[in-house]
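To keep things clear, I will list the structure first and then write my remarks on it.
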Amino acid sequence: MELSDDVRMVKHVGPKKAQLLKKLGIETVYDLVTYYPRAYEDESTISHISELHAGERESVLGTIMNISERTVRRNMTILKVMISDGTGFVQVVWFNQRYLKKQLKTGSRIFIKGKVQYAYGGHGQLSISNISDYQILDDEESPETGIQPVYAATEKITQKYLRSIMHAVLDEMPAVPEMLPESLLQKTGMMRRRRAMSAIHFPDDYDELRQARERLAFEELYIIQCGLFLLKKESRDNKNGVRHLISSHLVDKVIKGFPYTLTRDQEKAWREIEADMERNMPMRRLLEGDVGSGKTAIAALALTKTVENGYQGALMAPTEILARQHYENFSHMLEGTGINIGFLSGHLTKKQRDEMHDNISSHRVDIVIGTHALIQDSVTFDSLGLVVTDEQHRFGVEQRAALEKKGHSSPDVLVMTATPIPRTMTLTVYGDLDISVIHELPPGRKPVRTFLRTPDRRTLIYQYVRSQIEEGRQAYVVCPLIETSEESTDIPSAEEVYAELSNGIFNGIPCGIVHGRLKLTEKEDVMRRFHDGSIKLLVATTVIEVGVNVPNASIMVIENADRFGLAQLHQLRGRVGRGPYKSFCILVSANRSDKARERLGIMEKISDGFRLAEEDLKLRGPGQFFGNMQHGLPDLKIADVIGDMDLLVKARRAAIKTMSSNEELEELMPILATQYKRQFLRITEN
């Protein structure tokens, strides 16, 4: 059996189970062995029934004395089993698990792990419920005890089944290829990969579990760091960069034309970018700044610098509406400089596209702003000096690389993102880039006041929104779902909210709806009409998270706000407060849990996106946050970039040493090629 084999090669996995496992993300043997436990339970001690204590989680081995089942209401069945081990009797209770009745038989031996409580109306009789594990045993069979894994399971893929197929795959799996260079293993004394993969599921003791987890987490972080370092090394060592001269009168003219003085953070970021552009090696820099922090102004200076040096510049945005917005902003900012700016998107007519292609290839256009249309084969630049990509997490590494390849030499690359990324994550997510951060907001930027409200205030909220629209403003209403499904009948969808509001309190006011299932042309049309003011109230999903700049929009209502992460709520909130008007964001949530109220309460108090991102990480953990940020990197299945910060630093140091060791690099390249071919394609093919 090989790690790349289909999971159906594993004993007890047939076609039906394979389909159910696929829903858990398990399709191959490798997916199965790296489906790591989410927790562990210590079942090493089996208690006598006579010694059980209410309130404790305990393991019991006994014989089934009798079985009873009753239905207490339409959707509730209770299965009760009385067991004895010779020292006493205890009742075992399952709720809504009728299928178990066929498996359980009087006289059978059973091993149970669960919480001991007093039985309801049992006059002191003890009961075991909240059962985490049970095993029905033959006469001579011993239960599996010790430290047992607990997986993310489903009703049809149970803990017991997952444990059984995990045992099967680990028993049959051949030698597992090492992912760390031998010299590094010798230096660190870390556990071998084959043993770690087995011990992470079925450890002999907690020390072995700790060592296995540390080995596998280190491996993930080390491989990613090595891959990113190699991307950086490959782009700098093997390529001739564009060397720009010191900035002169044209850049100064643009700076003087800004309606405000650059903030200290903007000045620092610009100095770093200038210095990079004036070197021989290609610039690879991330410009990270909160919504409205003035990243576009810095990009304008960088593009002006490349034009001043006789090169062309390109800026790629993820949506046509955002690209058009950049085109309008740049046309205004660079007015009077003599710089020719062009626009390219898939929605131009063939004649317009052909004309723009000709203008780009003949250098009649100095700066071209557009969408993914910029990376089409038909687009050729005469002399590309700088590539800027906006909202980097919307593009993969390969898309960025495709635009870079448009230059005869390797152009400088500036990547912008308004998604605040905590310092703990930038090493992992953007390790192939140097980083500049803009924290300060330019003077005059209006703060957005944020309020948390319950649904019983919706009428008052929307009355206030209507009054704002009647005063000349515009408003957003954001919903987590496009349409209602069986799983979400309690959450109004964007379509339902649009129907309710446009036919109710906003009757007579031009309303629009935009979501991800609309055709691109329909979506762009709605956003354009909202931008030009013909739509006053826009009901939307998170498609507006990276959206159009509408200075007249001063109020946003976010329905079921508890369904969004803090970082996402902050991105959405950034759509308002972009003009001279007082702006408001109202979070509506029926979730009364302490955790939800605490999380949303943070939005009322904190407006700094970087602080919010840190809080989001603490509250939600890195999985979801990291998933949103990744741009084609291998998944983190076990490492935690917050909890494993020390391990990340250790892995980073090891990766730096590997980069300077020809021996370790030689060992590493085939590892990257076999395990992470898709993610690190550019490295392994150079």
Original post:
With (1) at pLDDT 95 or above; (2) more than 25 Å from the chain's Cα centre (by Cα); (3) under 18 Å from ALA590 (Cβ atoms); (4) open to solvent by less than 10 Å² (accessible area, probe 1.4 Å) as the list, and VAL497 as the residue in question, which single condition is left unmet?
Top reply: (1)
Original post:
Can you tell me which residues in segment 541-587 are part of a strand (DSSP E or B) and either closer than 24 Å to ASP456 by Cβ or polar (S, T, N, Q) (or both)?
Top reply: SER554, ILE555, MET556, VAL557, ILE558, SER583, PHE584, CYS585, ILE586, LEU587
Original post:
Restricting the search to segment 1-44, which residues are β-branched (Val, Ile, Thr) and in contact (Cβ under 8 Å) with a residue 60 or more places away in the chain?
Top reply: VAL10, VAL13, VAL29, VAL33, THR34
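With the requirement that a residue be acidic (Asp, Glu) and either in a loop (DSSP other than H, G, I, E, B) or buried (at least 21 other Cβ atoms within 10 Å of the Cβ) (or both), what does segment 503-537 give you?
Residues of segment 503-537 that are acidic (Asp, Glu), as a first pass: 522, 524-525, 532.
Hit for segment 503-537 is ASP532, nothing else.
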**OP:** Quickly run through segment 81-134 and pick out the residues that are under 14 Å from LEU52 (Cα atoms), open to solvent by less than 40 Å² (accessible area, probe 1.4 Å) and among the polar types (S, T, N, Q).
**Re:** SER84, GLN91, SER127, SER129
Original post:
Do we find that ALA212 is open to solvent by less than 10 Å² (accessible area, probe 1.4 Å), without any contact (Cβ under 8 Å) to a residue 24 or more places away in the chain and under 25 Å from LEU672 (Cβ atoms) in this structure?
Top reply: yes
**OP:** Within segment 213-222, identify whether any single residue is basic (Lys, Arg), within 30 Å of MET166 (Cα to Cα) and out of contact with any strand residue (DSSP E or B) (no Cβ under 8 Å at 6 or more places or on another chain), and answer yes or no.
**Re:** yes
Original post:
Which of the residues spanning segment 2-20 are farther than 28 Å from ARG210 by Cβ and open to solvent by less than 50 Å² (accessible area, probe 1.4 Å)?
Top reply: ASP5, VAL7, VAL13, GLY14, ALA18, LEU20
**OP:** Hey, could you check segment 562-587 for residues that are open to solvent by less than 10 Å² (accessible area, probe 1.4 Å) and touching a helix residue (DSSP H, G or I) at 6+ places or on another chain (Cβ under 6 Å) and say which is nearest to ILE491 (Cα to Cα)?
**Re:** LEU587
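Identify the residue in segment 19-42 that is in contact with a Gly (Cβ under 9 Å, 6 or more places away or on another chain) and not in a loop (DSSP other than H, G, I, E, B) and, among all such residues, is modelled with the highest pLDDT. Don't jump to the end; show me each part of the working.
Pass one, segment 19-42, residues in contact with a Gly (Cβ under 9 Å, 6 or more places away or on another chain): 31, 35, 42.
Those left that are additionally not in a loop (DSSP other than H, G, I, E, B): 31, 42.
Numbers: ASP31: 90, ASP42: 79.
Out of the qualifying residues, it is ASP31.
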Subject >> Of the criteria (1) in a loop (DSSP other than H, G, I, E, B); (2) more than 28 Å from ASP139 (Cα to Cα), which one HIS12 fails >> reply: (2)
Subject >> Matching entry among LYS160, LYS156 (being touching a residue at least 60 places away in the same chain (Cβ under 8 Å), surrounded by fewer than 16 Cβ atoms within 10 Å (Cβ to Cβ) and of a type in the set (D, E, K, R)) >> reply: LYS156
Subject >> Top-ranked residue of segment 56-87 - restricted to ones that are more than 20 Å from ASP139 (Cα to Cα) and not in a strand (DSSP E or B), ranked as modelled with the highest pLDDT >> reply: GLU56
Original post:
Are any of the residues in segment 259-275 in contact (Cβ under 8 Å) with a residue 40 or more places away in the chain, under 21 Å from LEU374 (Cα atoms) and open to solvent by less than 40 Å² (accessible area, probe 1.4 Å)?
Top reply: no
**OP:** Look at THR77 and say whether it is open to solvent by 60 Å² or more (accessible area, probe 1.4 Å) and over 15 Å from GLN135 (Cβ atoms).
**Re:** no
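Scan segment 548-561 for residues that are of a type outside the set (A, V, I, L, M, F, W, C) and either under 18 Å from ILE491 (Cα atoms) or crowded, with 24+ Cβ neighbours inside 10 Å (or both) and jot them down.
Let us first name the residues in segment 548-561 that are of a type outside the set (A, V, I, L, M, F, W, C), namely 549, 551-552, 554, 559-560.
Selection gives SER554, GLU559, ASN560.
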Subject >> Single condition THR424 does not satisfy, out of (1) modelled with pLDDT under 80; (2) over 25 Å from ILE606 (Cα atoms); (3) of a type outside the set (A, V, I, L, M) >> reply: (2)
Subject >> Residue that is most open to solvent (accessible area, probe 1.4 Å), among those in segment 24-59 that are over 15 Å from GLN148 (Cβ atoms) and among the β-branched types (Val, Ile, Thr) >> reply: THR28
Original post:
Just for helices (runs of 4 or more DSSP H) wholly inside segment 594-686: which have at least 1 residues that are farther than 28 Å from MET556 by Cβ, at pLDDT 85 or above and among the hydroxyl-bearing types (Ser, Thr, Tyr)?
Top reply: 645-659
Subject >> Whichever residue in segment 282-313 is farther than 22 Å from LYS253 by Cβ and either free of Cβ contacts under 8 Å to residues at least 12 places away in the same chain or hydrophobic (A, V, I, L, M, F, W, C) (or both) and, among such residues, is surrounded by the most Cβ atoms within 10 Å (Cβ to Cβ) >> reply: MET283
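The values are calculated or read from the model by the stated rules, or taken from the named source; none is laboratory data. Model, not experiment: these values are computed from the prediction. Positions of Cβ are generated from backbone atoms using ideal geometry, with glycine treated the same way; all protein chains shown enter the neighbour counts. Calculation scope for accessible area: heavy atoms of the full protein, side chains included, ligands and nucleic acids excluded. Shrake-Rupley method; radii C 1.70, N 1.55, O 1.52, S 1.80 Å.
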